[in-house]
1. When only residues in region 232-290 that are among the acidic types (Asp, Glu) and within 13 Å of ligand 1 (Cβ to nearest atom) count, which is modelled with the lowest pLDDT?
2. So, of the residues in region 328-338 that are of a type outside the set (Val, Ile, Thr) and out of contact with any His (no Cβ under 7 Å at 6 or more places or on another chain), which turns out to be most open to solvent (accessible area, probe 1.4 Å)?
3. In region 342-382, which residue that is open to solvent by less than 30 Å² (accessible area, probe 1.4 Å) and among the hydroxyl-bearing types (Ser, Thr, Tyr) is farthest from Leu319 (Cα to Cα)?
4. So for region 412-423 (the condition being closer than 18 Å to Ala364 by Cα, touching a Phe, Trp or Tyr at 6+ places or on another chain (Cβ under 8 Å), in the same structural domain as Pro355 (by TED's automatic domain parsing) and touching a residue at least 40 places away in the same chain (Cβ under 8 Å)), does at least one residue qualify?
5. Six or more apart or on different chains, Cβ under 9 Å: which pairs go from a residue in region 152-163 that's farther than 25 Å from Ile211 by Cα to one that's near ligand 2 (Cβ under 9 Å from one of its atoms)? Could you list them?
6. Restricting region 281-320 to residues that are aromatic (Phe, Trp, Tyr) and open to solvent by less than 20 Å² (accessible area, probe 1.4 Å), which is nearest to ligand 2 (Cβ to nearest atom)?
7. Looking for something touching a Gly at 6+ places or on another chain (Cβ under 7 Å) and either aliphatic (A, V, I, L, M) or surrounded by 15 or more Cβ atoms within 10 Å (Cβ to Cβ) (or both) - is there at least one such residue anywhere in region 408-424?
8. Return the pairs, sorted by first residue and then second, in which the second residue is of a type in the set (A, V, I, L, M) and more than 16 Å from ligand 2 (Cβ to nearest atom), the first residue lies in region 172-198 and is more than 22 Å from Thr209 (Cβ to Cβ) and in contact (Cβ under 8 Å) with a residue 40 or more places away in the chain, the beta carbons are less than 6 Å apart, and the residues are 6+ apart or on different chains.
Amino acid sequence: MATNDLRNFIAQLENNGDLMRIKTEVDWNLELSHVAKVNEEKNGPALLFENVKDYQTPVFVSALSTTQRLAVAMNMPINTTLSQMAKEWVVRTKKLIPPVWVESGPIKENIDVGEQIDLFKFPVPKFYEKDGGRYIGTFVSVVTKDPETGWVNLGTYRMQILDEKTCGIMFIKGKHGDLHRMKYAKLNKPMQVAAIIGYDPLMFLVSSTLIGAGEDEYNYVGALRGSPVEVVKGEYVDLPIPAAAEMVIEGELWPEKLRDEGPFGEYTGYYSGKGTVPRHYIDVKAVTYRKDLIFHATTVGRPVTDTHMIQAMNRTSTLWSDLEAMKIPGIQSVYIPPESCGRFMAVVSVKQMYPGHSNHVGNAVIATSTGSYGVKVVVVVDEDIPADDMGRVLWAMSTRMAPERGVQIISRGRSTPLDPSLPIQGRDITSRIIMDCCIPYEWEEKPTNIQLTDSVLAHVLEKWKDYGFNE
Ligand SMILES: Cc1cc2nc3c(=O)[nH]c(=O)nc-3n(C[C@H](O)[C@H](O)[C@H](O)COP(=O)(O)O)c2cc1C
Ligand SMILES: [Mn+2]
């Protein structure tokens, strides 16, 4: 059964023994995030904090910080690798499934408007000491609409509580929410915004994915799930909202007005460098939430957290789709490791069929939309090495790559303001490296791999327990 809301997802984790309920009181101020982070670094279970200081509402974290939990969200066997899930994504998203409108849903069980609106009612964590405040939008999907074409977009953009009825929001230039904002600026009208916190985690996977301008991410959530998202209209905004979401913050954003926001401990593991900066904000007009609300958050910060896992997963998927669209033969597997912040490094395994094939692949990666936004290191390996087996990738890098032959530096390309390897004032443009770790196709004499003998291996595996091994 596909998950279709957060509660269903949590129940599945609990069935798998992959959820821990914390009943000890935990402070929303730093303590909660630190428990979550230490647990994530031990590859621990998802956590439900049931006793958050000053609050009745529980907080759920680490939903997708392991491949096992990503697999639950994708409705696949829990031992599926990230690269295999990405391949499945490529297949499922070939047929998009639009959302369907319904009359009402649990999201309307509580409706706060006017004087009732108070963002401090919710157990919003402060994650890191130097953060500018409490971040209500971390595991969030922000809905906006193009005023000219009606295109609905979902994007994950961080949101800070600025006061009881105001949230800051950060749009990096070029993001679709910001393209919409610029159109409202021309019309001199406020932009309606709905921020969804707590729903089928597939939506978070999708709202942080590089999908083309003009495309409605709801169609991708439906495609990945195999059934349409049921949506209702907002209380204040004329935007589609999942009927079974936990919580929605609705409001309007004046396109040219700014207030101080940040800083925020970013997923690179660093602050982005500029400290507190004037950014856009939402005037909150309604907050709707389910009975017995579960507040959903993610720690962000250094790898590996939900953010790194989902970026690794969705960027591997879009890179793979892009390469498939380029019709390059022989691609065996693709992988963007979570430890590279889910964006800075890409590995592709290829079955070579002609001289220069591995170069073709390396150059293609940086020409794709995904590769050209943020991938700095491209590694190409032969077919015998799965792209997501980093131990084997390092082996290929060490034994098959001759630096002079294998390495190319590309000096200019699109970057991100979050890349800490570049000076704070010069982060628009980055260089890239392609590392070809393949044995050259044209070599007549190739190094001989040591192979286990099939018949002996089969014999040994058959007798495995007789030798005294348990597993
Ligand atoms: C936890 C998390 C926080 C993010 N925060 C921001 C942000 O504050 N601003 C931003 O522009 N992108 C942010 N991103 C990246 C965007 O979600 C991503 O680029 C996505 O493609 C945006 O949607 P769009 O392509 O429809 O604009 C974040 C991603 C994650 C996973
Ligand atoms: Mn988009």
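The values are calculated or read from the model by the stated rules, or taken from the named source; none is laboratory data. Computed from a predicted model, the values in this text were never measured in an experiment. FYI the Cβ positions are ideal-geometry reconstructions off the backbone, even for glycines, and counts take in every protein chain you see. Remember, those area values only see protein heavy atoms, side chains included, never the ligands or the DNA or RNA. Shrake-Rupley method; radii C 1.70, N 1.55, O 1.52, S 1.80 Å.
1. Glu266
2. Residue satisfying both the conditions and the ranking: Gln332.
3. Among those residues, the one meeting the criterion is Ser358.
4. Within region 412-423, one or more residues are closer than 18 Å to Ala364 by Cα, touching a Phe, Trp or Tyr at 6+ places or on another chain (Cβ under 8 Å), in the same structural domain as Pro355 (by TED's automatic domain parsing) and touching a residue at least 40 places away in the same chain (Cβ under 8 Å).
5. The qualifying pairs do not exist here.
6. Step by step, filter region 281-320, then rank; the result is Trp320.
7. Checking region 408-424: at least one residue is touching a Gly at 6+ places or on another chain (Cβ under 7 Å) and either aliphatic (A, V, I, L, M) or surrounded by 15 or more Cβ atoms within 10 Å (Cβ to Cβ) (or both).
8. Once the first residue is more than 22 Å from Thr209 (Cβ to Cβ) and in contact (Cβ under 8 Å) with a residue 40 or more places away in the chain and sits in region 172-198, its partners that are of a type in the set (A, V, I, L, M) and more than 16 Å from ligand 2 (Cβ to nearest atom) give Gln192/Val237.
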